[in-house]
Amino acid sequence: MITIINTKIPDFKVQAYHQDKFITVSQNDLKGKWSIFFFYPADFTFVCPTELGDMADKYDALKELGVEVYSVSTDTHFTHKAWHDASDTIKKIKFPMLADPTGTLSRAFGVHIEEEGLAYRGTFLINPEGQIKLAEVNDNGIGRNADELFRKVQAAQYVASHDGEVCPAKWSPGEKTLKPGLNLVGKI
């Protein structure tokens, strides 16, 4: 397998449902800001609304960090609107819900399930330069945690703004970081 960490996001242009409107979203909308692509299998399912509801609850805190969230499934933007209108959990969503019915985005990020036409639960953090800094893919029976993603965003932003420092396991803002070097070898 080839990693996509530090690769540039592909050019794309898709329809989305966002705040009672249909909009077009492209790679140009991501320029100059941190972005999360949050792939899930399908609307009107079981684990998906729990994850999207969890992300909706964390959305304001992510926005405070300058991060935009884009949920993505292989459903159409019409299906996203219908799900939004039908589900109290999905009504909480304030971020754009991207439609990928052709599977173009899910293939580009390596999460498309060809035989099903769905996406795995892929989470990708993209920096303001358009590089993928975090890639995590779960099998579809395993839900994600927005609090842990939030912590990873904080760590990625810290590392991006503090040259030569890295964040150890379970790091949170205000905690000690590491400066890799010969003096640390075998001492951690």
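The values are calculated or read from the model by the stated rules, or taken from the named source; none is laboratory data. Remember, it's a predicted structure, so these values are computed and weren't measured experimentally. Every residue, glycine as well, gets a Cβ built from its backbone with ideal geometry; the counts of neighbours run over all protein chains shown. Only protein heavy atoms, including side chains, enter the accessible area calculation; ligands, DNA and RNA are left aside. Shrake-Rupley method; radii C 1.70, N 1.55, O 1.52, S 1.80 Å.
The table below lists the values:
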read-out	value
Identity of the residue in segment 16-34, open to solvent by 70 Å² or more (accessible area, probe 1.4 Å) and outside any loop (DSSP other than H, G, I, E, B), that ends up nearest to ALA160 (Cα to Cα)	ASN28
Tally of residues being within 25 Å of GLU68 (Cα to Cα), among the small types (Gly, Ala, Ser) and in contact (Cβ under 8 Å) with a residue 24 or more places away in the chain across segment 141-188	4
The one condition in (1) open to solvent by 70 Å² or more (accessible area, probe 1.4 Å); (2) in contact with a strand residue (DSSP E or B) (Cβ under 8 Å, 6 or more places away or on another chain); (3) of a type in the set (A, V, I, L, M, F, W, C) that PHE44 fails to fulfil	(2)
Residue list for segment 85-112, restricted to those being of a type in the set (A, V, I, L, M) and either touching a residue at least 60 places away in the same chain (Cβ under 8 Å) or in contact with a Leu (Cβ under 9 Å, 6 or more places away or on another chain) (or both)	ILE90, ILE93, MET97, LEU98, ALA99, LEU105, ALA108, VAL111
Neighbours by Cβ (under 7 Å, 6+ apart or cross-chain): first from segment 8-22, aliphatic (A, V, I, L, M) and modelled with pLDDT of 95 or more; second assigned to a strand (DSSP E or B) and open to solvent by 40 Å² or more (accessible area, probe 1.4 Å)	ALA16/ILE23
Test result for ALA56, surrounded by fewer than 20 Cβ atoms within 10 Å (Cβ to Cβ), at pLDDT 95 or above and more than 20 Å from SER26 (Cα to Cα)	no
Output for segment 121-161, where each listed residue is crowded, with 17+ Cβ neighbours inside 10 Å and charged (D, E, K, R)	ARG121, LYS133, ARG144, LYS152
Count of residues meeting criterion [open to solvent by 10 Å² or more (accessible area, probe 1.4 Å) and within 15 Å of PHE37 (Cα to Cα)] in segment 76-108	5
